[in-house]
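Okay, so here's the structure we're looking at.
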Amino acid sequence: MPEDILVDIRRDYVLSKLRDGERIDGRKLDEFRKIEIKTNVIEKAEGSALVKLGDTQVMVGIKMQPGEPYPDTPDRGVIITNAELVPLASPTFEPGPPDEGSIELARVVDRGIRESKAINLEKLCIEEGEKVWIIFIDIHALDDDGNLMDASALAAISALLTTTVPAEKFELGDDYPLPVRNLPVSVTSLLVGERILVDPTRDEMSVGNNFVTMITDQDDNFVGMQKSGTFLLSEEKFYELMDVSIEKARQIREILKDI
Amino acid sequence: MEELKLIMDGKRLDGRGFDELRPIKIEVGVLKRADGSCYLEMGRNKVMAAVYGPREVHPKHLADPSKAIVRYRYNMAPFSVEERKRPGPDRRSVEISKVSREALETIIMTEMFPRSAVDIFVEILQADAGSRTACLNAASVALVDAGIPMKGIVTSVAVAKVDGQIVLDPMKEEDNYGEADMPFAFVIRNGKIESIALLQMDGNMTRDEVKQGLELAKKGAMEIYQLQREAIMKKYRTEEEEE
């Protein structure tokens with residue numbers, strides 16, 4: 001019960017600040033929190049990244065191994081994305097099989113990487129129809145202070161950028177860097193009445209789970225979108241979101257270019 | 001496979017123009033036990049929707065003292081696709097169920113039925129691209145048939161980018177080999193599209209193509225809406241005549 005009361009208080013606070021056009025942490029409506037990316041944090045993984053988005057922390061580890069291709073793409077590597085919202089990251093996460101929240105998270109992150117063709121999968125064919133590289137992208141949420149979506153997407157592409165294909169380990173020649181050729185960036189916004197709040201915190205999310213995620217590639221094209229939550233989106237806001245998402249993604253992409 | 005041309009002489013593989021829907025058939029009240037039901041065909045998609053409720057919530061701890069909970073289950077029959085689908089929910093259907101439920105929850109007047117549940121079950125008997133949109137259209141009609149109070153009706157349709165062209169209501173080949181897929185659902189009230197209830201997208205589209213897609217989807221949705229309306233009216237007109 002005390003948790004419920006706190007949620008009410010937070011919601012009132014967020015909304016009262018917003019009436020004056022302000023956010024509780026002093027950010028502008030379209031301002032991301034501070035982004036910190038550390039790569040190669042796990043030696044045993046082929047690639048890894050720890051992303052801090054304000055107080056939200058997500059770790060992504062990449063593991064690769066040879067395996068069978070899908071029958072319809074016999075000459076291409078395979079991407080498998082999974083997300084675990086472990087109970088360590090939030091009082092509301094419970095152990096057990098992935099719920100719809102973590103499945104949605106993993107699938108939207110996967111969409112951005114897959115549809116932007118960020119990884120050159122043709123270069124991950126070992127023997128056509130028989131053996132290709134399987135890339136496992138495992139998203140591990142560590143601290144959920146809101147917007148796990150963008151933090152996870154950022155951690156995933158950061159980890160991929162530093163991934164080495166472990167060919168030697170499987171006696172398949174020399175190790176080589178994973179061929180990454182695009183930088184998809186996810187921008188999630190919270191819709192509160194007429195306002196669009198980019199990169200919402202957990203406290204801001206107490207006003208309702210009304211999100212839209214838009215993922216763009218390095219040519220400013222849209223490669224993935226997902227409306228999430230029980231709310232109605234006006235056409236006008238939809239167009240506004242597209243513009244905000246393109247602009248914010250450009251800024252974040254600059255950070256990725258330094259990896 | 002790469003050479004497969006999806007558009008020839010301005011026509012699509014099945015002879016449709018860019019802005020044409022596949023043929024749609026809607027039947028209302030086709031199941032006896034359910035409180036509301038609908039059978040719908042959209043091209044080669046064949047789906048059956050049933051609504052139960054408002055009814056008691058099981059398990060009880062899920063009940064919300066302030067409103068009804070809405071549950072939605074998108075389930076594909078093992079024989080509905082080319083290669084047999086393993087029965088039960090997979091990750092794709094969990095995600096589709098989530099966004100579909102959220103779309104319908106925006107129009108159901110849940111506050112009228114505290115501590116109860118509105119359960120929506122949709123079975124895909126045959127799938128051929130756009131099954132989530134076919135299911136939402138069927139579910140929407142089944143909700144009306146069940147007499148659930150709603151603020152409007154949900155109508156859903158997808159658009160795709162195929163050989164660089166934005167097309168309405170993609171079929172399987174266009175979905176598989178096209179460049180992008182963007183399913184929408186709209187809330188229609190008093191005969192007008194009011195807002196977007198479901199939005200997903202994957203593939204690659206410019207801002208202008210997205211805009212073009214939305215306009216095309218709205219046109220398609222209005223046509224589907226008319227068919228949903230006619231199907232509902234037809235059932236109740238027949239019942240009146242029988243009395």
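The values are calculated or read from the model by the stated rules, or taken from the named source; none is laboratory data. Everything numeric here is computed off the predicted structure, so don't read it as measured data. Please note: Cβ atoms are built from the backbone with ideal geometry, for glycine as well, and neighbour counts cover all protein chains shown. What goes into the accessible areas is simple: the full protein's heavy atoms, side chains included, and nothing from ligands, DNA or RNA. Shrake-Rupley method; radii C 1.70, N 1.55, O 1.52, S 1.80 Å.
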Residue by residue through region A:221-227, what is 3J(HN,Hα) from phi via Karplus (6.51 cos²θ - 1.76 cosθ + 1.60, θ = phi - 60°)? Round to whole Hz and write x for glycine and proline. 8, 7, 10, x, 9, 8, 8
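Which whole-number value in Å² is the accessible area per residue of chain A, probe 1.4 Å?
On the way: 11820 Å² over 259 residues.
Normalised by residue count, the accessible surface of chain A is 46 Å².
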Normalised by the number of residues in region B:14-242, what is the relative contact order in percent for Cα pairs under 8 Å and 6+ residues apart? 22 percent
May I ask you to give the solvent-accessible area per residue for chain B, in square angstrom, as obtained with a 1.4 angstrom probe? 46 Å²
For A:Asp75, residues with placed amide H under 5 Å, excluding near neighbours: A:Gly129
Short to long, in 10 Å steps from zero, the percent of alpha-carbon pairs of region B:14-242 per bin is 8, 33, 37, 18, 4, 0
Using a 10 Å cut-off around each Cβ of peptide B:204-217, what is the average number of partner chain Cβ atoms that fall inside? 3
Dividing the mean separation of Cα pairs under 8 Å (6+ apart) by the residue count of region A:33-256 yields a relative contact order in percent of 21 percent
Exceeding the 25 Å Cα-Cα cut-off - candidates B:Lys60/B:Lys151; A:Lys63/A:Lys123; B:Lys85/B:Lys161: B:Lys60/B:Lys151; B:Lys85/B:Lys161
Express the carbon and sulfur contribution to the solvent-accessible surface of chain A as a percent, rounded to the nearest whole number, probe 1.4 angstrom. 49 percent
Would you kindly derive the ³J(HN,Hα) couplings of region A:8-18 from the backbone phi angles with the Karplus curve 6.51 cos²θ - 1.76 cosθ + 1.60 (θ = phi - 60°), listing them in order in whole Hz, with x for Gly and Pro? 4, 5, 4, 4, 4, 5, 4, 5, 5, 5, 5
Among residues of region B:62-94, a drop of 10 Å² or more in 1.4 Å probe accessible area, assembly relative to the chain on its own, occurs for B:Arg91, B:Arg92, B:Val94
Average beta-carbon neighbours from other chains, 10 Å sphere, peptide A:210-223: 3
Amide H to amide H, which residues 5 or more places from A:Leu183 or on other chains are under 5 Å from it, using H placed in the peptide plane? A:Gln218
Can you pull out the GluC sites (Glu not before Pro) in region A:119-226 whose DSSP state is coil and whose Cβ has at most 14 other Cβ atoms within 10 Å? A:Glu128, A:Glu130, A:Glu171, A:Glu194
Taking square-rooted eigenvalues a ≥ b ≥ c of the alpha carbon gyration tensor, is region B:121-172 rounded, prolate or oblate, where a/c under 1.5 means rounded and, failing that, a/b exceeding b/c means prolate? oblate
For chain B, whose charge dipole is built from +1 on Lys and Arg Cβ atoms and -1 on Asp and Glu Cβ atoms, the candidate among B:Leu62, B:Phe18, B:Tyr39 with its Cα farthest towards the positive end is B:Leu62
Can you compute 3J(HN,Hα) from phi for each residue in region A:167-173, using the Karplus curve 6.51 cos²θ - 1.76 cosθ + 1.60 with θ = phi - 60°, rounded to whole Hz and x for Gly and Pro? 5, 4, 4, 9, 6, 10, x
If contacts are Cα pairs under 8 angstrom and at least 6 residues apart, what is the relative contact order of region A:70-138 in percent? 54 percent
Test assert for region A:72-106: residues whose accessible surface shrinks by at least 10 Å² between chain alone and all chains, 1.4 Å probe, equal A:Arg76, A:Thr81, A:Asn82, A:Glu100, A:Ile103, A:Glu104
Once amide H atoms are built 1.01 Å from N in the peptide plane, which residues 5 or more positions from A:Ile135, or in another chain, come under 5 Å H to H? A:Val78, A:Ile79, A:Ile80
Percent antiparallel among DSSP beta bridges confined to region B:14-242, nearest 5, equals 85 percent
Excluding ligands, DNA and RNA, what is the accessible area buried between chains A and B, summed over both sides, using a 1.4 Å probe, to the nearest 100 Å²? 3000 Å²
Which Cα, out of B:Leu214, A:Pro98, B:Phe113, lies furthest along the positive dipole direction of the protein assembly as shown (beta carbon charges, K/R +1, D/E -1)? B:Phe113
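Given axes a ≥ b ≥ c from the Cα gyration tensor, I'd like to know whether the protein assembly as shown is rounded (a/c under 1.5), prolate (a/b larger than b/c) or oblate.
Judged from the Cα gyration tensor, the protein assembly as shown comes out oblate (a/c at least 1.5, b/c at or above a/b).
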